[in-house]
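Nothing in this text is a laboratory measurement; each read-out follows from the coordinates by a stated rule. Computed from a predicted structure; not experimentally measured. Note that each Cβ is placed from the backbone with ideal geometry, even for glycine, and that neighbours are counted across all protein chains shown.
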Amino acid sequence: MAEETRTSSAGGERSGGDRERSGPRGPRPAGGPGGPREGGRKFFRRKKVCKFCVEKIEAVNYKDVRLLAQFIAESGKITPRRLTGVCTPHQRRLSRAIKQARNIALLPFAGRVQ
Ligand SMILES: [Zn+2]
């Protein structure tokens, strides 16, 4: 015979009570950030069109420095496609042309040393 002894602790604690928070605070000084900040970008978006497609330039000539220079950043790096809008096949030819032009010193490897 086994007796089970249950110990049921029924704790019915009532946590009641009306808590009224009545804290009359002082009038808030209208603080916070003052005027709306105007953070306007200076770069405006232009509709990106591949320049080579528009002008129907099939092969990018590495001797055309003026053309290549448009796709080179100030630092001498090749501007990424997402910035210039050049399509992929043209970007590939362009980068190759730029590298060729660099090799024969038409374009700088590095523009400015900071
Ligand atoms: Zn293109």
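To the nearest 0.05, how large is the calculated FRET efficiency for ALA105 and VAL49 if R₀ is 22 Å and r is the Cβ-Cβ distance?
That pair, ALA105 with VAL49, gives E of 0.10.
Under the rule of at least 5 residues apart or a separate chain, name every residue whose amide H is placed under 5 Å from the amide H of ILE78.
The answer is ALA73.
Out of residues 5 or more away from CYS50 or on other chains, whose amide H comes under 5 Å of its own, with H placed 1.01 Å from N in the peptide plane?
CYS87
Taking a ≥ b ≥ c as the square roots of the eigenvalues of the Cα gyration tensor of segment 51-103, is the shape rounded (a/c under 1.5), prolate (a/b larger than b/c) or oblate?
Values: a/c = 1.66, a/b = 1.16, b/c = 1.44.
Verdict is oblate for segment 51-103.
With the contact rule set at Cα under 8 Å and sequence spacing of 6 or more, what percent relative contact order holds for segment 51-103?
46
Could you derive backbone 3J(HN,Hα) for segment 64-70 from the dihedral phi with the Karplus parameters 6.51, -1.76 and 1.60 (θ = phi - 60°), listing whole Hz in sequence and x where the residue is Gly or Pro?
7, 5, 4, 5, 5, 5, 5
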